[in-house]
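Remarks on the structure that follows.
The values are calculated or read from the model by the stated rules, or taken from the named source; none is laboratory data. Nothing here was measured: the structure is a model prediction, and the numbers come from that model. Counting neighbours? That spans all protein chains shown, and the Cβs are built from the backbone with ideal geometry, glycine included. For accessibility, only protein heavy atoms count, side chains too; no ligands or nucleic acids. Shrake-Rupley method; radii C 1.70, N 1.55, O 1.52, S 1.80 Å.
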Amino acid sequence: MTSREAGPAAEGTAFDALVIGAGFAGLYQLLCLRDRLGLSARVLEAGGGVGGTWYWNRYPGARCDSESHSYSYYFSDELLRDWNWSERYPQQPEILRYLNHVADRFDLRRDIQLNTRVAEAHYDSADNRWHVRTETGERYTATFLITAVGCLSSANIPDIPGLDQFAGDWYHTGGWPHEGVDFAGKRVGQIGTGSTGIQAVPVIASTAEHLTVFQRTANYSIPARNAPLTEEFKRWAKANAAGIRATMRSNTNGHPFVIENRSAFDVSDAERDAIYEAAWAKGGLQFRASFRDLLTDKAANDTAAAFLREKIRQVVQDPDKAGILAAIDHPFATKRPPIDSGYFEAFNRDNVSLVDLRRTPIECITPNGIRTTDGIEHPLDIIVFATGFDAMTGALLNIDIRGRDGLPLRQAWEAGPRTYLGLQVAGFPNLFTITGPGSPSVLCNMPVAIEQHVEWIADCIAHMRARGLTRIEAKPDAVGSWVEHVNEAASATLLPQAGHSWYLGANVPGKPRVFMPYAGGMARYREICAGVVARGYEGFALE
Ligand code: N01
């Protein structure tokens, strides 16, 4: 079934719920609210199509690091049965096709308004409604406001002097032109070696005349070992969907593999090496699951880190480049571990060079390229910013959200985000933040985290309507305890040791340093959320 998206509604239209964003989260939230609960709901989406992350991130090499059979909605057996992924890790166009298929299959488009960026959302306690204004000036109201804005959707473009003077073209990976970029015959500079940059390097290198990679922080990466899915695997995944769903929901990170219940020191050095070799050969994020203590015991982590550094030295032939790439300053997986398809191998190409920004930082951008502090000007026709995002809070704070008594969210979060369960903010009644800060979100396979939040919110609204309740708000003391628990959960791991990670907000100058996602694990979080409901929405004020 296909239908067209909604046009603007009449000025002042009152909805039961407004959802901001039509990515993985917004699509499923609409389905739950409209078709399961019978609410009048509308999705407001800034992009010109559905898909969220997968609508915007069209950079070369963009593909998912979760395995395709797990990067899917699991709420519908029919949807699981009918959709066929082609590769172990789907590319951006295939995921975008999937999300468009979902929008059509569940007839969602008629309640999605595209090209509509929300400018402000103000809560008015007099009518207990959210008053929303879009950038194009439409005004709507709703009882419930649900943000589905994504954790990594507000681009971080570093403020490097001279960018406005650059005579070539420049792009941020998260806002890539739909028509693509032709690198043939071009000298390209790429800043950034996170998950995105590591995916982009081999693909850009294969067509550019020359690629210069500007690396500030060296990174681990595990080969993805991407390949077309065999018919046998597809049949297996469909036949075992219930088991895969159960595995994903029962483990800490929402992936379809189980973390081994052994310490890195339960085995001999030779056995450990053999385990790492096998995990390296298998590829993917599962490498992290080789031992249970890789993220909690520095000595255990060191064994994985040493193995991975040695792999870099084995793959990269030029010892200078290998040294720069292997000079990693944080424990393995304390920043989100990238997986790649030929990243380190790309540095063996004659047309790829590497600049160590730790030794020679960028001084400025000139009309002709990038100048580093050693006085060298690297001549460039194109600059690619693979510099990441103002993660987790950026997209929310870009909207002028105000709660009770006009309190701006920006003010409430001045010292860092404070939520209850990552779902609600004290002082902001009836506002729900899907995969908000303080929830597992980015530490989890995202569709698993999203489905849990969307269903929790839908169940909560159903509970309220069944009892004639119209307002839910997190209690300040519940927020305080939760923030404390989020900090404790992070401190029990090595994650805060990557002092410059976006998990901590450290990649954006001036952003408060707070560990934002909940590191206690998805399974534990799911239980906590269920317990809160079982105890009558403990920690929330309902009226
Ligand atoms: O962003 P990042 P990303 N000068 O912040 C560097 C998800 N993802 O877009 O580490 C020079 O990780 C910065 O250096 P440093 C995934 O969760 C998912 O790569 O701050 N360099 C770093 O090297 C991931 O973690 C998938 O020192 C500067 C890089 O830019 C998240 O998105 C695919 C700089 C930014 O790395 C974000 O990944 C891709 C400056 N001024 C991404 N500023 C899939 O699964 C920043 N850098 C599909």
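Given a 1.4 angstrom probe, what's the average accessible area per residue across the chain, in square angstrom?
Accessible surface, normalised per residue, equals 39 Å².
Show me the GluC sites (Glu not before Pro) within the stretch 119-216 that DSSP assigns to loop and that have at most 10 other Cβ atoms within 10 Å of their Cβ.
Glu179
Run through the stretch 383-474 and list the trypsin sites (Lys or Arg not before Pro) located in a DSSP loop whose Cβ has at most 10 other Cβ atoms within 10 Å.
Taking the stretch 383-474 and a limit of 10 other Cβ atoms within 10 Å, the loop trypsin sites (Lys or Arg not before Pro) found are Arg467.
Within the stretch 412-472, which GluC sites (Glu not before Pro) sit in a loop by DSSP and count at most 14 neighbouring Cβ atoms inside 10 Å?
Passing both the DSSP loop test and the Cβ count: Glu414.
For Arg467 and Ala14, FRET efficiency with R0 = 30 Å and r from the beta-carbon atoms, rounded to 0.05?
Approximately 0.90, to the nearest 0.05.
In deg cm²/dmol, rounded to 500, what helix-only [θ] at 222 nm does the chain give when every DSSP H run of at least 4 residues adds -39500 (n - 2.57) and the total is split over its residues?
Taking each H run of at least 4 residues, the total per residue is -9000 deg cm²/dmol.
What whole-number distance in Å separates the alpha-carbon centres of the stretch 152-200 and the stretch 72-105?
Computed from Cα coordinates, the inter-centre distance equals 28 Å.
By its C-alpha gyration tensor, with a ≥ b ≥ c as the square roots of the eigenvalues, how is the stretch 400-543 shaped: rounded for a/c under 1.5, else prolate for a/b larger than b/c, else oblate?
It is oblate, given that a/c is not under 1.5 and a/b is not larger than b/c.
How high is the relative contact order of the stretch 324-420? Use alpha-carbon pairs under 8 Å, at least six apart in sequence, and give a whole percent.
Reported relative contact order: 10 percent.
Ranking request for peptides 88-98, 355-365: highest mean number of other beta-carbon atoms within 10 Å first, then the rest in descending order.
88-98, 355-365
Whole Å is fine, so just give me how far the alpha carbon centre of the stretch 493-517 lies from that of the stretch 452-478.
30 Å
What's the magnitude of the charge dipole for the stretch 374-497 around its Cα centre, counting Lys and Arg as +1 and Asp and Glu as -1 at the beta-carbon? Answer in Debye, nearest 20.
With only Lys, Arg, Asp and Glu charged at Cβ, the dipole is about 760 debye.
Treating only the Cβ atoms of Lys and Arg (+1) and Asp and Glu (-1) as charged, compute the dipole magnitude of the stretch 106-234 about its Cα centre; round to the nearest 20 debye.
Computed about the Cα centre, the dipole is about 240 debye.
Name the helices (complete DSSP H segments) of the chain with a Cα length along the long axis of 15 Å or more and a Kyte-Doolittle mean of at least -1.0, or state none.
Correct list, ordered by number: 92-105, 195-205, 269-282, 298-315, 446-466, 476-491, 522-534.
Which value, to two decimals, describes the C-alpha radius of gyration of the stretch 119-159 once divided by 2.2 N^0.38 Å?
1.50
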